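> This is the structure I want to talk about, given as C-alpha cells.
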Amino acid sequence: MAADVGSMFQYWKKFDLRRLQRELNSVASELAGRQEESEHSHKHLVELSREFKRNVPEEVREMVAPVLKSFQVVTLNKRSKEAESAFLGIYKQLIEAPGEFLTKTRDVHLFKHQQQQQQSNITTLTQTSLLE
C-alpha cells in the first residue's frame with residue numbers, strides 16, 4: 001500500500017499540470033481558428049455555389065454535385081480527426097495516471113499523517129523506555 005501511494009504521489013508530482021494547461025490552450029486556440037476559417041470558407045462557398053447555379057446549366061450542376069460534396073466531407077473529416085487526436089492525446093495522459101487524483105492525494109496526506117503519528121508514538125515509547 002505504501003509503495004502504491006508513494007509511486008502515485010511521484011507520478012502526480014511529475015505530471016506537470018502547467019504544461020498540460022499550456023498544451024490545452026494551444027490546441028483550443030488552433031481549433032477555434034480552424035472553426036473560424038471553416039465558417040468563413042463556408043460563407044464563401046455559399047456565394048460561389050449561388051453564382052455557379054446561375055451561370056451553369058442544370059445537367060452540369062448535377063454532374064458536379066457529388067464532387068463538391070466530397071470536398072466538403074474531406075474538409076469536415078480533417079477537422080474531426082484533428083479534434084479527436086487532440087482529445088485522445090490528453091485522455092491518454094490522464095488515463096495512465098495511477099488512480100483518481102483527489103482520492104489519491106487525500107490518501108497520501110493520510111499516509112503521511114499516519115507516518116508522523118507512528119514516528120511520534122515511537123519517540124514517545126523510546127522516551128518512556130529510557131525513563132524506566
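> For the range 18-99, what size does the Cα cloud have along each of its three principal axes, sorted from largest down, in whole Å?
Over the range 18-99, Cα extents along the principal axes are 63, 20, 12 Å.
> Return the sequence-ordered ³J(HN,Hα) values of the range 44-59 in whole Hz as given by the Karplus equation 6.51 cos²θ - 1.76 cosθ + 1.60 applied to θ = phi - 60°, using x for Gly and Pro.
Ordered by residue, 3J(HN,Hα) equals 5, 5, 4, 4, 5, 4, 4, 5, 4, 4, 6, 9, 10, x, 4, 5 Hz.
No value in this document is a laboratory result; all are computed from the given coordinates. Given the structure is predicted, the values throughout are model-derived calculations rather than measurements.
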